[in-house]
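Every number in this text was worked out from the coordinates using simple rules, so none of it is lab data. Keep in mind the model is a prediction, meaning the values are calculated, not measured. As a convention, Cβ positions derive from the backbone with ideal geometry for all residues, glycine included, and neighbour counts pool all protein chains shown.
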Amino acid sequence: MFSLAADQGSVGPQVDNYDAFLIQAEGRHRWRIDPHPDSAAPCVPGLDLPILAHDQWVLAPEDCLYLPAGIPHWGIAEGPGMTWSVTLRAPHWQELASAWCDHAIRKRLPQARYRDPDLQPHHHRGEVPADVLRQIHRCIEGALDGADDEAFAAWFGAHLSKPKGHLAVTPTPAPLTSLDLRTLIERRGELARGPSRVLFSALDRAPLLLFVGGETHRLPSACRGFAQLLCESHTLE
């Protein structure tokens, strides 16, 4: 994000849920932060957030301030200027758990309705028998907990590499064959991998997992160097 500010410009005190690197591109910017949030610490009077008065820095062009997630901060421009914000957000535990449960439901639970032909009649109206609870519980828990390390890793890498909607790559009308791809690389002299996020994972006694744009590819373990090269290079000659 690029932020332009007039003299004394500010968005006020705030707390973000992502890590941020604030790079001063032009002008000067004063930042007040609270590196150790504590409700009992002395605060700047009149602010909505507890920001300590004495923890502050003035950034000049080419200076950078790192703000971990959850750190209260307040920036005020000292003259006109521009700040670049580079932010990184870790996944939320609840979001991860919800995504894994959705995947397990689709892939590991039967595509059918609950049936229990061996259920014995019971005599109390409205009672949910204990054996019914146990059976349903075992089925659902088995779907969520029954995946081995490779199955979980295959889902997790694909989940992390899945692109946002505006970065999704449009596939070619017809898939490229190995020969087509080789011919293109030889003619152009390089291969640019575009905006897709590329990750890999190497587990013990399991194939190498390569994740590209939300898809999982299982490769021989000897391809680890190739996977590292794809992840570290945006252009391959």
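Quick notes on this one:
- Exposure proxy ranking, count of Cβ atoms within 10 Å, fewest first, for C223, C64: C64, C223
- Rounded to two decimals, the Cα-based Rg/Rh of the stretch 162-236, with Kirkwood Rh, is 0.98.
- For the chain, the longest principal axis of the C-alpha atoms and the axis of helix 178-188 are separated by about 20°.
- Label positions at F152 and E186, each projected 7 Å from the Cα along the C-beta direction, are separated by 4.6 nm.
- Signed unit charges on C-beta, dipole axis of the chain, positive-most listed residue I105, L59, G194: I105
- Residue with peak Gaussian network fluctuation, the chain [Cα springs, cutoff 10 Å], from P68, P37, P117: P117
- Mean Cα-pair separation over length for the chain, i.e. relative contact order, pairs under 8 Å, 6 or more apart, %: 18 percent
- Each Lys and Arg adds +1 at its Cβ and each Asp and Glu adds -1 at its Cβ; summed about the Cα centre, the chain shows a dipole of about 940 debye.
- Shape of the chain, Cα gyration tensor, a/c cut at 1.5: oblate
- On Cα atoms only, tilt of 93-108 relative to the major axis of the chain in degrees: 30 degrees
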